[in-house]
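Structure, as structure tokens:
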Amino acid sequence: MPSADEQLPEGTDTIIEGAGVSDVGNGQTGRQSQKGAPVSAIPAGESDAKGVFFERIDELRGQAGDKARDLAQTGKERATAALDSLVQTVEDAAADIDEKLGNQYGDYARRAAQYIGNFSDSFRDKDVDDLFNDAREFVKKSPAVAIGAAAALGFVVARLARSSMPESPGDNAPKA
């Protein structure tokens, strides 16, 4: 490290003591003082602050994970309720389809309702962590399909968000 008296590179005002220095205690690389002792950017007595900082980060990470898990659980419950509603709607429509198009098409609707119901039941029975693991494995096996599904989902969410926004007064004005 150059001394304070040496010429500094252009654009550099001063040398900050301890800048770019790390501890060498735990096998990490770093600089040593001229006496051979490790040089640290953390002044003596403040190593506890470093530990408290990282403990707080771990605590916040845990809280964020718990919150995300709670939100995912709520979303899972809403999704299964929507799927159950869809099953009921398709089963109700199956009778009308029987009358209008024939029993064969009504049976298709009933089978579709059964598949949706089975999916809803298996989705409801899985833990949120299991669902995340399944999604992770799916992405590893089929990354292209996962990217396409994410893009399609993003498009749908954007369209839903845009359609739910109130129209601004300038939207109905004639365009030049």
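Could the peptides 97-108, 112-123 be put in order, highest first, of the mean number of other beta-carbon atoms found within 10 Å of their residues?
Top of the packing list down: 112-123, 97-108.
Through the Karplus equation 6.51 cos²θ - 1.76 cosθ + 1.60, θ set to phi - 60°, convert the phi angles of segment 88-97 into ³J(HN,Hα) values in whole Hz; use x for Gly and Pro.
4, 5, 5, 5, 5, 6, 4, 5, 5, 5
Please compute the Kirkwood hydrodynamic radius over segment 51-129, one decimal place, Å, based on all pairs of different Cα atoms.
15.2 Å
Computed from the coordinates by the stated procedures, all read-outs in this text should not be read as laboratory data. Just so we're clear, the structure is a prediction, and the values are computed from it rather than from any experiment. Note that each Cβ is placed from the backbone with ideal geometry, even for glycine, and that neighbours are counted across all protein chains shown.
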